[in-house]
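The values are calculated or read from the model by the stated rules, or taken from the named source; none is laboratory data. Remember, predicted model here, so these are calculated numbers, not experimental data. Here the Cβ positions follow ideal geometry from the backbone for every residue, glycine too, while neighbour counts run over all protein chains shown.
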Amino acid sequence: MAAHGVLGVVVLISSDSGIKRQETTGNNQQVLPRRCAAGGVCTSDTKLNGKTVVITGANTGIGKETARDLAQRGARVIMACRNLTKGETAAQEIREVTGNKHVIVRELDLANTKSIYQFAENLTQEEKVINILINNAGVMMCPFTKTSDGFEMQFGVNHLGHFLLTFLLINLIKRSAPARIVNISSLAHNFGRINFNDLQSEKSYDGSSAYCQSKLANVLFTRELAKRLKDTKVTVNSVHPGCVKSELTRHSWVMALAWKILTFLIKTPKQGAQSSIYCAVAEELEEVSGKHFSDCQPAFVAPQGKNDETAKQLWDVSCKLLEIQWD
């Protein structure tokens with residue numbers, strides 16, 4: 001997951017807004033726009049030896065960079081990837097760079113609930129703990145298509161797929177407490193609305209609107225889940241990684257062109273991964289839950305992302321669509 005680029009220009013214009021933060025490089029000669037784009041850096045030196053981390057979509061972009069960083073910290077990293085060949089190539093690179101041999105690839109297709117069930121079943125049989133779950137994978141502004149289960153692709157993958165995965169792993173995560181869940185969202189949630197009358201965009205489809213809806217769903221899911229995890233020592237927070245150049249824009253020629261024109265303003269995957277890493281390891285976030293972060297600091301949440309009634313309704317509708325009971 002990366003480039004939340006439907007609103008890339010907004011991200012870049014508003015990214016500093018008078019707030020002091022660390023930069024990803026100490027070069028004082030760099031141009032101001034690049035410094036704005038670089039964002040914050042996770043400075044925590046937390047080690048993760050003996051900890052197990054699951055990252056979806058970890059074979060490319062910020063998922064791969066997050067996996068690399070957490071492997072460097074000593075974690076057992078499970079890379080949940082749809083493409084096993086690409087996943088293994090990325091994993092081998094991470095093993096070689098970090099010296100960590102405990103980097104594992106497992107197949108997961110978030111557009112197929114059977115795949116999600118199989119992944120979760122295998123994982124709960126193979127692993128004794130899951131200390132960190134990072135729901136990172138996603139699709140952006142794709143043509144109207146449906147998942148194997150008939151859900152609109154962006155809502156189905158970005159929200160429902162991770163909702164189901166978290167549900168299936170939550171008991172193991174609770175037994176592993178203290179534990180953390182990180183949901184990758186986007187600044188695009190500001191422009192989203194949950195259309196309960198047409199969640200699957202079957203009456204009318206616009207790729208940008210569907211994407212924004214799915215990113216708002218990530219924020220609302222985080223908010224409701226945090227309430228339900230109170231007193232369990234499991235926290236959940238959402239992240240806007242920034243405007244990151246990645247494969248996520250492959251369905252949008254507009255964003256692909258923007259990347260070429262504004263390349264000096266766009267974050268690298270390593271820079272974009274910093275907030276995910278921060279939420280996964282920062283000591284000061286040990287008891288922080290239900291919040292939204294960007295550039296390794298608390299970030300603005302749109303009013304519709306704070307609506308408890310909408311969050312509860314979305315939770316109930318998601319359970320119904322997935323035919324699960326999550327109390």
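The figures follow:
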{"item": "Matching option when the condition is in contact (Cβ under 8 Å) with a residue 12 or more places away in the chain and either within 22 Å of Lys320 (Cβ to Cβ) or in a loop (DSSP other than H, G, I, E, B) (or both), among Asn122, Asn197, Asn218", "result": "Asn218"}
{"item": "Qualifying residue in region 179-193 (condition: in contact with a Lys or Arg (Cβ under 9 Å, 6 or more places away or on another chain), modelled with pLDDT of 95 or more, surrounded by fewer than 24 Cβ atoms within 10 Å (Cβ to Cβ) and charged (D, E, K, R))", "result": "no"}
{"item": "Those residues of region 139-175 which are small (Gly, Ala, Ser), more than 20 Å from Leu220 (Cα to Cα) and either free of Cβ contacts under 8 Å to residues at least 40 places away in the same chain or crowded, with 19+ Cβ neighbours inside 10 Å (or both), in sequence order", "result": "Ser148"}
{"item": "Region 80-104 residues that are in contact (Cβ under 8 Å) with a residue 24 or more places away in the chain and within 19 Å of Gln118 (Cα to Cα), paired with ones that are in a helix (DSSP H, G or I) and of a type in the set (Asp, Glu) (beta carbon under 9 Å, 6 or more apart)", "result": "Cys81/Glu88; Ile104/Glu126"}
{"item": "Answer residue from region 250-307, given it is at pLDDT below 65 and among the basic types (Lys, Arg) and is surrounded by the fewest Cβ atoms within 10 Å (Cβ to Cβ) among those", "result": "Lys260"}
{"item": "Residues of region 277-311 classified as within 25 Å of Thr56 (Cα to Cα) and part of a helix (DSSP H, G or I), total", "result": "10"}
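Matching residues to (1) under 16 Å from the mean Cα position of the chain (by Cα); (2) modelled with pLDDT of 95 or more; (3) not aliphatic (A, V, I, L, M):
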| position | (1), (2), (3) |
| --- | --- |
| Gly99 | no, yes, yes |
| Phe119 | no, yes, yes |
| Asn122 | no, yes, yes |
| Ile130 | no, yes, no |
| Gly138 | yes, yes, yes |
| Ser148 | no, yes, yes |
| Phe155 | yes, yes, yes |
| Asn171 | no, yes, yes |
| Arg175 | no, yes, yes |
